[in-house]
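What follows draws every value from the coordinates through simple rules; no lab data is involved. Worth saying up front: this structure is predicted, and the values here are computed from it rather than measured. Every residue, glycine among them, receives a Cβ derived from its backbone with ideal geometry; neighbour counts consider all protein chains shown.
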Ligand SMILES: N[C@@H](CCC(=O)N[C@@H](CS)C(=O)NCC(=O)O)C(=O)O
């Protein structure tokens with residue numbers, strides 16, 4: 001498998017999952033500005049959507065969309081318990097979290113990268129995001145990870161998108177459970193390895 005990624009982006013989530021599962025994979029860096037891969041190919045020919053993450057399977061198929069990729073990966077090694085079994089009620093709960101993260105936190109944060117937006121609009125988006133953080137604070141004050149006691153693929157995703165707060169000068173201290181949650185996940189060897197690998201390429 002090959003993971004097409006760009007540093008400091010949402011592709012860190014499937015990257016962490018690949019390492020948590022100890023699956024064999026190759027990392028291919030993408031320059032998101034010129035849409036070229038590190039080996040000089042046009043990334044839009046690999047993923048016509050033009051964004052990371054994209055996972056190339058050994059049979060050549062390309063899978064996109066972070067929530068789909070991480071579930072596909074977790075199902076390759078169900079014994080890892082990174083996702084509850086398909087068709088279980090718990091799996092629906094996982095999908096509820098993945099959808100919340102992708103539509104409310106990931107998409108909500110991505111807007112803040114837009115330098116063309118006037119400050120008054122950014123304030124509105126920030127406040128909306130903060131209400132989502134309030135909800136996460138209440139949830140994670142009660143449990144170590146989103147699904148309870150065990151780390152799951154949604155935690156890799158939430159960890160990734162919360163990491164962007166540093167780019168927006170958002171201090172997470174206002175949500176102490178989120179600070180503790182990030183620290184807990186950051187200490188995982190697979191997470192450290194993913195961050196090191198992305199920094200060194
Ligand atoms: N819906 C996609 C969104 C992926 C996405 O937003 N990728 C960003 C990085 S976090 C990107 O590569 N943006 C570059 C672009 O859109 O040109 C997913 O959830 O995987």
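Evaluate the distance, in nm, between pseudo-label points positioned 7 Å from the Cα of residue 103 and of residue 77 along their respective Cα→Cβ axes.
The modelled label-to-label distance comes out at 3.1 nm.
Would you list 115, 35 from fewest to most Cβ contacts within 10 Å?
Ascending number of Cβ neighbours within 10 Å: 115, 35.
Given the rule -39500 (n - 2.57) for each run of at least 4 DSSP H residues, summed and divided by the residues of the chain, what is its mean residue ellipticity at 222 nm, to the nearest 500 deg cm²/dmol?
-14000 deg cm²/dmol
Listing 160, 139 from the residue with the fewest other Cβ atoms within 10 Å to the one with the most, what is the order?
Placing the least packed residue first, the sequence is 139, 160.
Taking a ≥ b ≥ c as the square roots of the Cα gyration tensor eigenvalues, with a/c under 1.5 meaning rounded and otherwise prolate when a/b beats b/c, else oblate, which class fits the stretch 1-122?
Oblate, because a/c is 1.5 or more while a/b does not exceed b/c.
Name the residue, out of 176, 118, 85, whose mean-square fluctuation peaks in a Gaussian network model built on the chain with Cα pairs under 10 Å.
118
What ranking do 173, 59, 155 get, fewest neighbouring Cβ atoms within 10 angstrom at the top? If you can, show how the numbers build up before the last one.
Details: 173 8, 59 5, 155 27.
The order, fewest Cβ neighbours first, is 59, 173, 155.
Using a 10 angstrom cutoff on alpha carbons, build the Gaussian network for the chain and name the most mobile of 32, 99, 169.
Comparing 32, 99, 169 in a Gaussian network model of the chain, the most mobile one is 169.
Post the alpha-carbon centroid distance, the stretch 92-109 to the stretch 128-201, in whole angstrom.
Taking the Cα centre of each part, the stretch 92-109 and the stretch 128-201 sit 13 Å apart.
With springs connecting C-alpha atoms under 10 Å apart, model the chain as a Gaussian network and identify which of 108, 40, 148 has the largest mean-square fluctuation.
40
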